[in-house]
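Below is one structure, written out as structure tokens; the observations come after it.
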Amino acid sequence: MGIESHFVEGAVLVRLQGELDHHVVEQIRNEIDQKLQENRYRALVISFRGTDFMDSSGLGLILGRYRTMMQHQGKMSLSEVSPALRRLFELSGVLKILPVFDSESEALAAVKEG
């Protein structure tokens, strides 16, 4: 699993590549949390362009970051989700609480609104 994270347009943009499973979740969580702290929890976009597999620990990572963002009155969105991951998000209820966009630019625009 690879992770690339940086600041874009006032948001933390995280690009995940590879398999998101229990072996890598802690490392990714730590990196995202550090970037969010630096950004004062304003906005987070997670791109799944290069991710084709996720287990329940990956869902926990997403839901945990969502909870953190809500506690700090921040915004979060997801982008470039494969059909297989979209189905997983649908079954787990993630789609009921988090918006999913086709592109990073759409997801960034959504977290900047308001």
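Each reported figure results from applying straightforward, stated rules to the coordinates on display, with no laboratory input. Just so it is clear, the model here is predicted, and its values are computed rather than measured. Backbone-built Cβ (ideal geometry, glycine too); neighbour counts: all protein chains shown.
Brief remarks follow.
- Contact map, the range 6-22: residues that are over 25 Å from ARG40 (Cα atoms) paired with residues that are of a type in the set (Phe, Trp, Tyr), Cβ distance under 8 Å, separation 6+ or inter-chain. Pairs shown: GLU19/PHE53; LEU20/PHE53; ASP21/PHE53.
- Which numbered condition VAL45 fails, given (1) farther than 17 Å from MET1 by Cβ; (2) buried (at least 18 other Cβ atoms within 10 Å of the Cβ); (3) more than 12 Å from the chain's Cα centre (by Cα): (3)
- Filtering the range 60-111 to residues that are out of contact with any Ser or Thr (no Cβ under 9 Å at 6 or more places or on another chain), farther than 19 Å from LEU36 by Cβ and aromatic (Phe, Trp, Tyr) leaves only PHE89.
- Here GLY50 does not qualify as touching a residue at least 40 places away in the same chain (Cβ under 8 Å), surrounded by fewer than 18 Cβ atoms within 10 Å (Cβ to Cβ) and over 14 Å from the mean Cα position of the chain (by Cα).
- Residue selected from the range 90-110 under the condition of a type in the set (A, V, I, L, M, F, W, C) and more than 12 Å from the chain's Cα centre (by Cα), by the criterion surrounded by the most Cβ atoms within 10 Å (Cβ to Cβ): ALA110
- Unique residue being among the small types (Gly, Ala, Ser) and without any contact (Cβ under 8 Å) to a residue 12 or more places away in the chain when the list is ALA109, ALA84: ALA109
- Subset tally (residues that are touching a residue at least 12 places away in the same chain (Cβ under 8 Å) and in a helix (DSSP H, G or I)) for the range 23-37: 9
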